[in-house]
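Peer 1: Have a look at this one before I ask anything.
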Amino acid sequence: MTAAPATLRRPLIAGNWKMNGLKADGLALARDIATRLEGMASRRFDMLVCPPFTLLDAVCAAVDGAPLLLGAQDCHADAKGAHTGDVAAPMLAELGCSHVIVGHSERRTNHGESDATVRAKAAAAQGAGMTAVICIGETEGQRDAGETAAVVRRQLAGSLPAGSSATNTVIAYEPVWAIGTGRTPTPEEAQAIHALIRAELSKPLGAAGSAATRILYGGSMNPKNAAVLLALPDVDGGLIGGASLKAADFLAIGECCR
């Protein structure tokens, strides 16, 4: 499938802070990012931060009015109920979140989340008026066995809810073997998988919907490799881990957007 023009898909640079940040440090980081964004004369990308649950309310208030989107790292599939320790999508929307990450490999691995679980969570996020950032990607063993394409197809088909669209869905391709390791696929490998994802998206979303959907690359993206990855025709931004915890590095990645 031919990639849509870059003007159709505005790049999204999303920061997953994971389980990092007490209040003082988290607020300082959020304010630093917001101030740097506001100081940019022109900006060719959207920027999203996903702090831990404990910081969402404070970060939302601290960056109010800034061109910075707020997201959560997970949500429960149910809107309410007896789910001790979980957080519902409507609760996150009420706090000011516009996005929710679902299906991150750490959730799939550490919490045994299946594609069906991820699909239910994504549907809950969409139902609460937010955008679901659906993560998919293969392990090192699956890659070495030549199963990357099959795994990506299976996870995408199983994790994408009915009713998904380019406005309520972002796909994040994160090769598990690259997360936090400093290793990345070659540009050719990354583009091939992103193009595969876009082709697969055309089945449920149609050609126009697929062409308009943002597909992010995740897995050790940093200021040194971002320009090459973000220049690929089917890479529409990044889901950033460690580099999102330093405002200068995070903004430097955004400035690499074509």
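The values are calculated or read from the model by the stated rules, or taken from the named source; none is laboratory data. Just so it is clear, the structure is predicted and the values come from calculations on it, not from any experiment. So basically every Cβ, Gly included, is an ideal-geometry build from the backbone, and we count neighbours across all protein chains shown.
Peer 1: Are there any pairs with C-beta distances below 8 angstrom linking a residue in segment 190-208 that is under 13 Å from residue 165 (Cα atoms) to a residue that is acidic (Asp, Glu), with the two at least 6 apart or on different chains, and if so which?
Peer 2: Note: pairs meeting the criteria are 198/234.
Peer 1: For segment 115-136, check the following and say yes or no: at least one residue is more than 21 Å from residue 52 (Cα to Cα) and either part of a loop (DSSP other than H, G, I, E, B) or among the aromatic types (Phe, Trp, Tyr) (or both).
Peer 2: No, segment 115-136 contains no residue that is more than 21 Å from residue 52 (Cα to Cα) and either part of a loop (DSSP other than H, G, I, E, B) or among the aromatic types (Phe, Trp, Tyr) (or both).
Peer 1: Taking into account only those residues within segment 44-90 that are in contact with a Leu (Cβ under 7 Å, 6 or more places away or on another chain) and of a type in the set (D, E, K, R), which is nearest to residue 247 (Cα to Cα)?
Peer 2: Per the stated criteria, the residue is 46.
Peer 1: So, one more: What is the number of the single condition among (1) modelled with pLDDT of 95 or more; (2) under 30 Å from residue 208 (Cβ atoms) that residue 8 does not meet?
Peer 2: (1)
Peer 1: A follow-up question, please. Consider only pairs whose beta carbons are under 7 Å apart and that are at least six residues apart or on different chains; among these, list those whose first residue lies in segment 102-122 and is under 19 Å from residue 78 (Cβ atoms) and free of Cβ contacts under 8 Å to residues at least 60 places away in the same chain and whose second residue is of a type in the set (D, E, K, R) and in a loop (DSSP other than H, G, I, E, B).
Peer 2: Listed by first residue and then by second, the contacts come to 102/74; 103/113; 107/74; 107/113.
Peer 1: Please give the number of the condition residue 201 fails out of (1) farther than 21 Å from residue 99 by Cα; (2) buried (at least 16 other Cβ atoms within 10 Å of the Cβ); (3) hydrophobic (A, V, I, L, M, F, W, C).
Peer 2: Against the list (1) farther than 21 Å from residue 99 by Cα; (2) buried (at least 16 other Cβ atoms within 10 Å of the Cβ); (3) hydrophobic (A, V, I, L, M, F, W, C), residue 201 comes up short only on (1).
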